[in-house]
Amino acid sequence: MQKIVIIKYGELSTKKDNLNFFLQTLKQNIQELLKDLEVTVTNDFGRMFVESKEENFLKITERLQKVFGIHEIIVGYRDSSLDLNDICNQVLSLISDKDFSTFKVETKRSNKKFPLTSVEVSKKVGSFILKNKAGLKVDVKNPELLVNLEIRKTEVLYYGERIKGLGGYPVGTLGKGLLMLSGGIDSPVAGFMAIKRGIKLEAIYFESPPHTSIQAKNKVKMLAEKLVDYNGALKLHVINFTKIQEEILKNIPHEYLITIMRRMMYRISAIIASRRNCHILVNGESIGQVASQTLTSMKCINEVVKIPVIRPLACFDKLEIIALAKKIDTYETSILPYEDCCTIFVPDHPVINPSIQKAQEYEKLIPYEELIYEAIKTEEVINIDKLSSIEKYRDIL
């Protein structure tokens, strides 16, 4: 018997003609993630297998829980014998040291040439266990131990406990997107949700020194690094937004400050996205959460770009977003008290239903095309990966 990690796909199985592309991408993502652990990754219809030294299995299963495209992760065994007596004895050996009083055997039989049906195999193996291990009962509804058997063409798989995977699509199967990453709670969660749908992310951050601090920038680097666990290495594009923001503050009616600021950010993000071959913008907007996230505000702000803007959290409430932020371990970083440029000049009474015509008229009060060009020239590109340890930011937070 060989101990292995078994991966089940889930949603990927619906892809039919494109299945091989999705599976190959998943396989490449897993190989990249586990490249330091000396693993062999193989796949066939319906399953992927990771072989390695037994001492690596805990690390492997922990890492695989952050890989999109996986439905279940299982530490199990494979054996080449298709003899029923061998199957019974193998099961008995595997459960001999386990403490339980009720059990159930479930069998899947993809090998239709095997002489017994799935139900017949389960009954035979269950009876063998009852005869050879005293004090046990079969419980088909709520067993303490579930024994899973898969009878395949050339082997039998044996396993028990299953670890739920993240689901979704393998990262990179649906192209690239640019995440508008602030230091708040919402945008990292939106990034996570986009990655789940197979989108490989880069990120853009707007800083406004001296109004925003180096601590705020480093907080965003930390949030980007949290997303690396799911996305793989990403590029963080940092844009100096100070001149644009100061011009807006001096010349634009205050109720329109946020509207015009967001329109400028969208324009810059769309240019960077085009340069980086990103097909969409992604942000953390949630309908009605703040003044710039009413439907009319979104329409007014969105009007300046042609690129699609995806808002994964549009219909989430704040408590749902916070729960997800805690789940993906971005919440504690997001609430560090360092303001980004979206929060430093918030007017007392921002417009809730901005007019596109008024926004266009107010923008004529500033040389915004020239300012955008200058801002893009300040672009700093930071490569974020797991080697860029959080520790190097922590001492200056």
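The values are calculated or read from the model by the stated rules, or taken from the named source; none is laboratory data. All figures in this text were calculated on a predicted structure; none of them were measured in a lab. Note that we place each Cβ from the backbone using ideal geometry, even for glycine, and neighbour counts take in every protein chain shown.
Residues that are over 30 Å from Gln65 (Cβ atoms) and aliphatic (A, V, I, L, M) do occur in segment 212-229.
Residues Ile260, Ile199: which one is crowded, with 22+ Cβ neighbours inside 10 Å and under 13 Å from the mean Cα position of the chain (by Cα)? On inspection, the qualifying residue turns out to be Ile199.
The conditions of being touching a residue at least 24 places away in the same chain (Cβ under 8 Å), under 41 Å from the mean Cα position of the chain (by Cα) and in a loop (DSSP other than H, G, I, E, B) are not met by Lys104.
Here is a list: Val238, Val228. Which entry is among the aliphatic types (A, V, I, L, M), out of contact with any Cys (no Cβ under 8 Å at 6 or more places or on another chain), assigned to a strand (DSSP E or B) and surrounded by fewer than 24 Cβ atoms within 10 Å (Cβ to Cβ)? Only one candidate qualifies: Val238.
The condition (being over 30 Å from Lys221 (Cα atoms), surrounded by 18 or more Cβ atoms within 10 Å (Cβ to Cβ), touching a residue at least 60 places away in the same chain (Cβ under 8 Å) and within 24 Å of the chain's Cα centre (by Cα)) is satisfied by just one residue among Val171, Val75, Val156: Val75. Might you let me know whether segment 125-133 holds any residue that is small (Gly, Ala, Ser), surrounded by fewer than 14 Cβ atoms within 10 Å (Cβ to Cβ) and not in a helix (DSSP H, G or I)? No: segment 125-133 contains no residue that is small (Gly, Ala, Ser), surrounded by fewer than 14 Cβ atoms within 10 Å (Cβ to Cβ) and not in a helix (DSSP H, G or I).
Checked against (1) out of contact with any Gly (no Cβ under 6 Å at 6 or more places or on another chain); (2) assigned to a strand (DSSP E or B); (3) of a type outside the set (Lys, Arg); (4) surrounded by fewer than 19 Cβ atoms within 10 Å (Cβ to Cβ), Val5 passes all but a single condition, namely (4). For segment 49-89, how many residues meet the condition of being closer than 29 Å to Lys124 by Cβ and among the hydrophobic types (A, V, I, L, M, F, W, C)? So the count comes out to 8. Meeting the requirement of 3 or more residues that are within 17 Å of Ala190 (Cα to Cα) and either among the hydrophobic types (A, V, I, L, M, F, W, C) or at pLDDT 95 or above (or both), the helices (runs of 4 or more DSSP H) wholly within segment 272-364 are 318-327. Of the residues making up segment 39-57, none is among the charged types (D, E, K, R), surrounded by fewer than 16 Cβ atoms within 10 Å (Cβ to Cβ) and in contact with a helix residue (DSSP H, G or I) (Cβ under 7 Å, 6 or more places away or on another chain). Selection of segment 371-397 for residues being at pLDDT 95 or above, surrounded by fewer than 12 Cβ atoms within 10 Å (Cβ to Cβ) and either more than 18 Å from Gly183 (Cα to Cα) or among the hydroxyl-bearing types (Ser, Thr, Tyr) (or both) yields only Lys377.
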